[in-house]
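In what follows, a structure is listed as structure tokens, so that the remarks can point back to it.
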Amino acid sequence: MKTANGHQIIELFEQFSPKHYAMEGDPIGLHIGSLNKPVSKVMIALDVLEEVVDEAIENGVELIIAHHPLIYRPLKKIDTTSTAGRIVEKLIKHDIAVYAAHTNLDVAKGGVNDLLAEALQLQQTEVLAPTHEITLKKLVVFVPVEAEDQVREALGKAGAGAIGNYSNCSFSAEGTGRFLPGEDSEPAIGTQGALESVSEVRIETIFPENIEKKVLSAMIKAHPYEEVAYDLYRLDNKGEVLGLGKIGSLAHEMTLEQFAEHVKRTLDVERVRVVGDLNTTVKKVAVLGGDGNKYFTTAKFKGADVYVTGDMYYHTAHDAMMIGLNIVDPGHNVEKVMKQGVATVLSNMCQERKLDVTFIPSKLNTDPFTFV
């Protein structure tokens, strides 16, 4: 296993949750400290409170990846006698960097809203409020016949060739490749100074732009040539749509009251606020982590029987009632589902690259509300 630095970890994280997915003005990225250092332990947290920083110190963590930005508004001062000041002071003294991924993690495939939809056991899900469409690219690479299978397999494992419910999609055509190795070359086939003709296969496949580095790296590693000949094309084909929230269906109809209990159980909350007749039957469910007040009409337009979101305003609840949309509000803190979810994704990515990093989901409950 290899030692990782902070830049490598964040580079992997941003392959999963790119910065450009974030809403305009969202204060994401590095908030405290430096990534230019070895990192062996990373804590995944929902909020960066003083107790969470203490937890990180106790666990020997060098980097915190948080969903809610530590510095949401510009700081006018750092008073170390205040709680906010002590948080910054402790992080700097213990050389703990803090990186925030907010709405980009909401939008990301496998991010907060996908995790919530999975926890609620929704089926046949789609994006609630589209914000991005992933650009598709085509890769064409020329490979000697004997290496065709190994290169094709490497491309498939890297994620290339996914079309809808199909994977490892590609096309091949045989031909002849010609090249003249130079004086400083070390050709896998042929000799320096002699024009060489080789039976080659042209492999074509597509991939989403956000995994380009991974696909090209896998191709070059599997290819026997010293210099790999390949072409990249940007496509107009419609790519995968990403955005805020998810909408899908329950396996079986429930009453609104039964569904509220289902939400409490699957999202691990003590209480929920409900808008609507508890005896109403629900089947189609929209969910959006955090504050989803802006999107209740979108949920209704897309046919949702019930909308699961946090921080529902009093007057917005009235508006939802008037258009016949049921609401279940489990609170903002259900986004805690991201702690284990992100830890698992990053752990798998680092294991695949043989990076020696441990990811620790914060165990602390940072919900500010107590039900009495």
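Each peptide in 307-318, 25-36, 232-243 was scored by the mean count of other Cβ atoms within 10 Å over its residues; highest first, the order is 307-318, 25-36, 232-243.
The residue among V145, I134, G182 whose Cα reaches farthest toward the positive pole of the charge dipole of the range 114-209, with charges on the beta-carbon of Lys, Arg, Asp and Glu, is I134.
Between L75 and E50, residue separation times 0.36 nm minus the direct Cα-Cα distance comes to 7.3 nm. In the context of the full set of protein chains, the chain has a per residue accessible area of 52 Å² (1.4 Å probe). Computed from backbone phi with θ = phi - 60° and the Karplus coefficients 6.51, -1.76 and 1.60, the 3J(HN,Hα) list for the range 178-188 is 10, 7, 10, x, x, 4, 8, 7, 10, x, 6 Hz; x is used for glycine and proline.
For the range 24-45, the residues whose backbone nitrogen is under 15 Å from a point 7 Å from the Cα of K294, taken along Cα to Cβ, are 24-28. Given axes a ≥ b ≥ c from the Cα gyration tensor, I'd like to know whether the range 39-138 is rounded (a/c under 1.5), prolate (a/b larger than b/c) or oblate. Since a/c reaches 1.5 and a/b is larger than b/c, the shape of the range 39-138 is classed as prolate. Can you pull the percent of the chain's accessible area that's carbon plus sulfur, 1.4 Å probe, other chains left in place? Here it works out to 50 percent.
When each of the peptides 215-223, 79-87 is scored by how many other beta carbons lie within 10 Å of its residues on average, the order from highest to lowest is 215-223, 79-87. In this label model, E226 and T358 are separated by 4.5 nm, measuring between points 7 Å along each Cα→Cβ vector.
A cut-off of 5 Å between modelled amide H atoms, ignoring neighbours fewer than 5 places along the same chain, links L30 with A100. For L244, nonlocal amide neighbours, meaning residues 5 or more places apart or on other chains whose placed amide H falls under 5 Å from its own, are A129, T131. At R0 = 51 Å, how high is the FRET efficiency between V145 and E253 if r is their beta carbon distance? Nearest 0.05 is fine. Step by step, r from the Cβ atoms, then E = 0.35.
What does the charge dipole of the chain about its Cα centre add up to, to the nearest 20 debye, if the Cβ of each Lys and Arg holds +1 and the Cβ of each Asp and Glu holds -1?
Roughly 700 debye, rounded to the nearest 20.
Around S34, with a cut-off of 12 angstrom between Cβ atoms, what is the net charge of the other residues, counting Lys and Arg +1 and Asp and Glu -1? It works out to a net charge of -1. The modelled label-to-label distance between R234 and T3, using points 7 Å beyond Cα along the C-beta direction, is 4.0 nm. Take the Cα of S40, go 7 Å toward its beta carbon, and the backbone nitrogen atoms of the range 54-95 under 14 Å from that spot belong to 59-63.
Between the listed residues L155, A222, L122, the Cα displaced farthest toward the positive end of the dipole of the chain, a dipole computed from Cβ unit charges relative to the Cα centre, is found at L122. Converting phi to 3J(HN,Hα) with the Karplus coefficients 6.51, -1.76 and 1.60 and the offset θ = phi - 60°, the range 288-303 yields 8, x, x, 8, x, 4, 5, 10, 5, 5, 5, 4, 5, 4, 8, x Hz in sequence order, with x at every glycine or proline. Rounded to the nearest 0.05, the FRET efficiency derived from the C-beta distance between N279 and N365 at R0 = 51 Å is 0.95. Packing-based ranking of 200-206, 354-360 yields 200-206, 354-360, ordered from highest to lowest mean Cβ neighbour count within 10 Å. In order along the range 359-366, the phi-based Karplus estimate (6.51 cos²θ - 1.76 cosθ + 1.60, θ = phi - 60°) of 3J(HN,Hα) comes to 10, 10, x, 4, 8, 7, 8, 9 Hz; Gly and Pro are listed as x. Once backbone amide H atoms are built at 1.01 Å from N, I360 has V42, M43, I44 as its partners under 5 Å, excluding neighbours fewer than 5 places away on the same chain.
For the chain, a/c is not less than 1.5, where a ≥ b ≥ c are the root eigenvalues of the C-alpha gyration tensor, and a/b does not top b/c. That puts it in the oblate class.
The values are calculated or read from the model by the stated rules, or taken from the named source; none is laboratory data. It should be emphasised that the depicted structure is a prediction, and the values quoted were computed from it without experimental measurement. Here Cβ is always computed from backbone atoms with ideal geometry, including for glycine, and neighbour counts include all displayed protein chains. Accessible surface areas use protein heavy atoms only, side chains included; no ligands, DNA or RNA. Shrake-Rupley method; radii C 1.70, N 1.55, O 1.52, S 1.80 Å.
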